[in-house]
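Any read-out appearing in this document is the output of simple, stated calculations on the displayed coordinates, not a laboratory observation. Nothing here was measured: the structure is a model prediction, and the numbers come from that model. Cβ: placed from backbone, ideal geometry, glycine included. Neighbour counts: every protein chain shown.
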Amino acid sequence: MLKRVETSELRLGMFIHKLEGSWFKHPFWKSKFVLEEMWMLEALQGSAVEAVIIDTERGLNNVPEREVAAVGSGAGAGGASTQQRGMPLVPPRPTANKFAAARVATAREFGTARKIADRHSKVVSRVFIEARLGRGISTRTVDPLIDDIYASVQRNLYAFNGLLRCREDSEDTYRHALATSALMIALARQMNLSSAETRDAGMAGLLMDIGASQETGGPPHPEDVWTGPSTDLETDGHCQHVLAGHALLKAAGDIPDAVLKVCLRHHERLDGRGYPHRLAGHDIDQLSRMAAICDTYDLLVSGKESRPGLDPAEAIRHMGEHCDGLDPAIMVDFIEMVGIYPIGAFVELRSGRLAMVVDEDPTERALPTVYTFWSRPLAKKLKGEAIELSQCYGADEIVGIAQLGGLDLPSLGALRQSLLTAYARGAGG
């Protein structure tokens, strides 16, 4: 049975069937969910949403009948608001606490993230192909994908991008779009941006390289463009993909202006050496500065045919040393978000074992969970063991990025995928 309940009467355990009013009024992107955590209850009661529709067959129903109205009866539609009746609202938590970090175990979320990536990679492929054929793009097409990525990041900050980093069975351009979207959403979360800004960030990450043609093998590698474009911006090949992408998205008619700006500006640099308009400093909007970092990181770790991808930890170091045009304050937030040793990084331990990072500890960024696979002292493969470095009390530690040259190992992509699968299986994911 569906009932209309004022937000002041909500209780944990209720199933929210519908939120009344615009989604801009609240921090939730989905209208149907179980109200299962206190931050969710406080966020709703502190928002501008006065009432919701609950489904009593799918969740708790402990509100007295006299305080609610069955949907369709018209009761309560013109009733006094909570504040008018003198009932206090629970004050909202600060924005930073709207999200609970890693509420779902990383290994468990890997399974859900895999399903999301498999389901939506076809959507991304279709959107890119139709755009190149001159067909229209609608936000309705990508909204479900953004919702799913956002929900995954809400449940666990690290799993979705960690999974994409450790898969080698997806087409580069579409994997890059999914990965950059997830990075943008996670970074927006890290920076405590609003729900609307976070949504724009995710959509921008997904669509900003839509102008990159198949003939050029997708977006350009960062090393190719850090020195700046040619003097003739109108004919420079690197400039063309952002100009073409911006035109495609603008023609759609319903793409948010913030997303259009990111598509056009994500290769601009603070030092004025970017393109297509050589903007500098804070003439570049915040989302575009975020996109420059997320785009650069993912392209560095993915690589191109002519340039092998960097280890994720090496990419973080490389960006700090060579990317003067990136926003340093946002870069700090980005490193806080992905970790010093991101998922997929190969590290060497003090014990001489080599391992891959498979999970992050949000309270100990330098002490992730790793999965061992090689022993240097024994010069052989290991069966594999998950080690939570933050919980081993100094019994072992990371001494640096692992050098894997000369070892009898499969390709790095295959090795990452097998290690992540072994970790997830062992952790019950």
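Of note:
- Stretchable slack from C392 to A247, in nm (0.36 nm times residue separation minus alpha-carbon distance): 46.9 nm
- Exceeding the 32 Å Cα-Cα cut-off - candidates K122/K304; K115/K304; K3/K261; K304/K381: K3/K261
- By the count of neighbouring beta-carbon atoms within 10 Å, fewest first, V52, V338 end up ordered V52, V338.
- Annotation for the range 104-177 versus the range 377-397: alpha-carbon center distance of 32 Å.
- Distances between placed amide hydrogens fall under 5 Å for E36 paired with G13, all partners being 5 or more residues away or on another chain.
- Taking the convex hull of Cα positions in the range 346-426, its mean projected area over all directions (nm²): 5.2
- Between S375 and V332, full extension at 0.36 nm per residue minus the direct alpha carbon distance yields a gain of 12.1 nm.
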